[in-house]
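As C-alpha cells, the structure follows; a few thoughts come after it.
The values are calculated or read from the model by the stated rules, or taken from the named source; none is laboratory data. None of the values given here were measured: they were computed from a predicted structure. Note that we place each Cβ from the backbone using ideal geometry, even for glycine, and neighbour counts take in every protein chain shown.
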Amino acid sequence: MKRTKIAIIAALVFMGAAFCLDIPPSELLMKFFRQRLKWEGEIEAEMLCCTIANGDTTILVDSCTIDLEDFESNTQFSEYSPFALKTCDLLLPITLAKTEFDSIAINKTRTRVCGIMCWKMKLYFDEKRWDAYISGDNLFRVMKIERNRCGKAESDDTWSFLEISKDRDFPVKIERVVDFGWGDSTAVLISRRELRNPRLKKSILSEP
C-alpha cells in the first residue's frame, strides 16, 4: 500500500518542471483525488447552516461531531428549513471519491482557483458531471468541486476544501443556488452548510 503512494510521488518527481506545461495523465490525477478524500473516524467542528430565501436569511450555528462512516444519518439543522442542506450534502465528495466513473476528461488549459493554477478534471457518472479542480503547482490538492446544472439538475453546487491533515483535504463548505418557483414569480434560493475550525478527533486517516 505504501509502495503505491511512493510510486505516485516518484512519478511527480520525474515529471519535474515539464508537468507544469503538460496535461497530467487522468489516472494520476484520479489516484490523488481518491487518496486526498479518503477519510474515516470522527471530525469535530462548529457547524454553520444558512439559507437565504424570498429575502429572508436564517443562520444557525452549533458544535458537532461527525462520524465519517455514518454521516448519512447526521441531520443537524435539517428540520428548521425545507431548504437547509444536510451533512451528507456537504460530505458528498467523500462518497464521490469512491465512485467508479463512466468517463474522465481533463481540460487542456489550467484554471485559477484561489490564486492557484489548477487542472479541471471532469467526472461523468449516471448522466451527471462534476468538475474537480486539482492544484497543478507540483503539489496535488483538491481545491474545489462544482456540480453544474445539466439535464434534470435544478441547482448549482460548489464545494470548497481545506487541508486539515497532511496529504488529506476535507470538504468544509457547500453552497447551492436554485431558481425556485415562488408563487407567480421565480426567486433565487441560496443555501450553505459550512464547518468552522474542523479538527480530527480519532482514527482519522484511512491507510492508502
(message) Looking only at segment 41-84, count every residue that is in contact with a Leu (Cβ under 6 Å, 6 or more places away or on another chain), surrounded by fewer than 15 Cβ atoms within 10 Å (Cβ to Cβ) and modelled with pLDDT under 85 and tell me the total.
(response) 0
(message) Can you tell me which of (1) farther than 11 Å from Leu29 by Cα; (2) at pLDDT below 90 is the one Gly136 doesn't meet?
(response) (1)
(request) With the checklist (1) free of Cβ contacts under 8 Å to residues at least 24 places away in the same chain; (2) surrounded by 15 or more Cβ atoms within 10 Å (Cβ to Cβ) in hand, flag the one item Leu91 doesn't pass. (result) (1)
